[in-house]
Structures are given as C-alpha cells and as structure tokens.
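The values are calculated or read from the model by the stated rules, or taken from the named source; none is laboratory data. Just so it is clear, the model here is predicted, and its values are computed rather than measured. Every residue, glycine as well, gets a Cβ built from its backbone with ideal geometry; the counts of neighbours run over all protein chains shown.
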Amino acid sequence: MRALPWVLLLVAFPAASLAVPVDTGLGPEPYHTWPTLTADMAALAAAHPDLAKLSSIGKSAQGLDLWALEIANFGGLTGEEPIVYLDGTHHGNEPLGMELMWSIAVRLLNHYADDPAMKRIVDEDHIYIVPLVNPDGELRNQRKNLNGVDLNRNYPFHWGEPGCDHDPGSATYCGPSAASEPEVQANVAFMDAIKPDIYVSGHTGSVLFIHPWSWTTAPPPDAGTFRSIDQNFTGRNAAA
Ligand SMILES: [Zn+2]
C-alpha cells in the first residue's frame with residue numbers, strides 16, 4: 001500500500017535516545033569502522049537469506065563500497081509495500097548515525113521471529129539501510145569526505161544556496177559543484193532507483209528531528225504529515 005507521501009527527514013540522534021538497549025549489534029569496540037561494518041553486514045545478511053540482501057550502491061572517494069542492506073519478506077513481496085530508506089553518517093565524525101541505522105537492521109532481522117512488531121514492519125515494508133555514507137571520513141574521524149567536502153551540502157537540490165560555504169576550508173564546504181562527490185552521486189542514483197516513500201538520515205551533534213525545508217522557512221506542501229511524524233518520534237525519546 002503506497003499510502004505515505006514522499007517525505008525527507010533528517011534526524012539527529014544522541015546515544016542516550018536508543019531507548020531500548022537490546023541487541024544493538026555493537027561489538028566490544030565503541031563504534032564500527034568500514035572494515036568491521038562490512039563484515040557484520042555480510043554476516044547479518046547471510047544469517048537471514050529470506051529477509052535480507054547485501055549490495056553496494058557505489059564507492060567512496062577512497063574506493064570503499066557503500067553497503068546497503070535490503071530488508072523485506074522477499075517471499076511475500078507484492079510491490080505495493082512502502083519503500084523506506086535509512087542512511088547514516090554523512091559526517092564521518094558522527095558515527096552514531098551509522099550505529100543507529102545498523103542497530104535498526106539488527107533488531108528487525110534478529111527479532112523477526114520472536115517480536116511481532118519487528119515481523120510486521122518487515123512484512124509490510126520494503127526497507128533499505130545504508131549505515132555508512134562517508135566511510136573515508138569515518139575512518140579518519142573527520143566530518144567531510146576524503147576530498148574535504150561536506151557531503152550533506154553537496155546534493156544537487158538547491159546546491160550552493162545559503163546554509164553552505166564555498167570556502168574549501170569551511171566545515172560546511174559544499175564542494176566545487178552540485179553532486180561532485182562519488183558518495184553523493186551514488187546516493188542520488190540509488191534514491192532515483194528505489195524512489196523511497198520515507199527517507200531518514202542519521203546524524204549526531206544536536207538532539208533534533210529536522211524535516212524539510214532547510215533552504216527556506218516556508219513550510220513544505222505536506223507540513224502536516226511531517227508534524228505528525230515529528231510528534232510521534234520525539235514523543236518517544238529526548239529529541240525536540
Ligand atoms: Zn551531520
């Protein structure tokens with residue numbers, strides 16, 4: 001059922017907001033990096049062949065795969081399921097965006113069999129999760145990608161408008177041109193292909209649930225839907 005409109009959400013999420021501390025998939029190290037995430041995503045997909053598929057949506061500037069987990073009840077897919085897309089850690093020094101999205105994948109798959117809520121989500125939705133959009137930055141604990149570009153400000157939609165900086169030394173440098181960076185090119189092509197009904201991107205740094213628009217203060221056409229989602233989400237955790 002394609003009942004949901006296209007929505008674009010940006011969620012800033014603190015560690016303390018992981019209100020249900022079960023089966024997060026976290027290992028002994030505090031955060032994944034690209035090598036450990038690669039191994040863990042492959043193992044998770046292999047453990048759930050009927051519910052998960054691992055693929056790469058493209059490569060980083062350094063040449064590291066941008067891994068995607070596709071999660072659905074593949075045997076029962078009708079093609080009418082809402083497409084949900086979750087990604088994380090556009091900013092390499094915000095690894096909790098990645099861990100949040102990874103922990104959602106773990107919980108959906110490892111508790112499909114024993115948690116009716118997880119089963120319902122997987123059965124009724126078609127979910128894609130790219131936990132780590134900026135692996136080069138995350139390996140270096142730096143905000144920007146290997147080319148020194150703020151990936152979150154490199155997208156072509158209203159690229160280069162106020163809210164970004166054209167100075168390469170700036171933390172919010174939007175790059176030399178729209179979608180100049182391979183990570184952004186990969187994510188744009190991926191979203192064009194899957195056409196998500198809901199998109200949530202995990203960041204940290206502020207305890208906020210941000211919804212469009214950001215380039216203008218005018219409300220989007222579906223502001224009421226966003227407000228409803230906002231209130232549902234923030235009512236369950238510490239975000240504002
Ligand atoms: Zn961020």
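For the structure I just gave you, tell me whether Asp136 is at pLDDT 95 or above and either buried (at least 23 other Cβ atoms within 10 Å of the Cβ) or in a helix (DSSP H, G or I) (or both).
Considered against the rule, which asks whether it is at pLDDT 95 or above and either buried (at least 23 other Cβ atoms within 10 Å of the Cβ) or in a helix (DSSP H, G or I) (or both), Asp136 comes out as yes.
Is one or more of the residues making up segment 14-24 modelled with pLDDT of 95 or more, farther than 21 Å from Tyr85 by Cβ and outside any strand (DSSP E or B)?
no
Filtering segment 78-96 down to residues that are modelled with pLDDT of 95 or more and hydrophobic (A, V, I, L, M, F, W, C), which residue is nearest to the ligand (Cβ to nearest atom)?
Leu86
Which one of these does Gln142 not meet: (1) surrounded by 19 or more Cβ atoms within 10 Å (Cβ to Cβ); (2) within 16 Å of the ligand (Cβ to nearest atom)?
In the conditions (1) surrounded by 19 or more Cβ atoms within 10 Å (Cβ to Cβ); (2) within 16 Å of the ligand (Cβ to nearest atom), Gln142 misses (1) alone.
I'd like to verify a number: residues in segment 184-225 that are in contact with a Leu (Cβ under 7 Å, 6 or more places away or on another chain), assigned to a helix (DSSP H, G or I) and among the β-branched types (Val, Ile, Thr), how many?
Residues meeting the conditions: 1.
Could you tell me which numbered condition Ser170 fails, if it satisfies all but one of (1) among the polar types (S, T, N, Q); (2) more than 20 Å from the chain's Cα centre (by Cα); (3) more than 16 Å from the ligand (Cβ to nearest atom); (4) more than 27 Å from Leu37 (Cβ to Cβ)?
Every condition holds for Ser170 apart from (3).
Check Gly137 against each of (1) without any contact (Cβ under 8 Å) to a residue 24 or more places away in the chain; (2) in contact with a Lys or Arg (Cβ under 9 Å, 6 or more places away or on another chain) and name the one condition it does not meet.
(1)
Restricting to segment 97-123, what's the tally of residues that are of a type outside the set (A, V, I, L, M, F, W, C), away from the ligand (no atom under 16 Å from the Cβ) and touching a residue at least 60 places away in the same chain (Cβ under 8 Å)?
So the count comes out to 5.
Provide a single number: the residues in segment 195-228 that are farther than 22 Å from His158 by Cβ and among the β-branched types (Val, Ile, Thr).
Final tally of qualifying residues: 2.
Being within 14 Å of Ala61 (Cα to Cα) and in contact with a Gly (Cβ under 8 Å, 6 or more places away or on another chain), is that true of even one residue in segment 164-178?
So far as segment 164-178 goes, no, none of its residues is within 14 Å of Ala61 (Cα to Cα) and in contact with a Gly (Cβ under 8 Å, 6 or more places away or on another chain).
For segment 152-168, give me each residue that is free of Cβ contacts under 8 Å to residues at least 40 places away in the same chain and among the small types (Gly, Ala, Ser).
The one that is free of Cβ contacts under 8 Å to residues at least 40 places away in the same chain and among the small types (Gly, Ala, Ser): Gly160.
Based on what the data block shows, is Ser177 farther than 30 Å from Gly79 by Cα and surrounded by fewer than 18 Cβ atoms within 10 Å (Cβ to Cβ)?
Yes: the conditions hold for Ser177.
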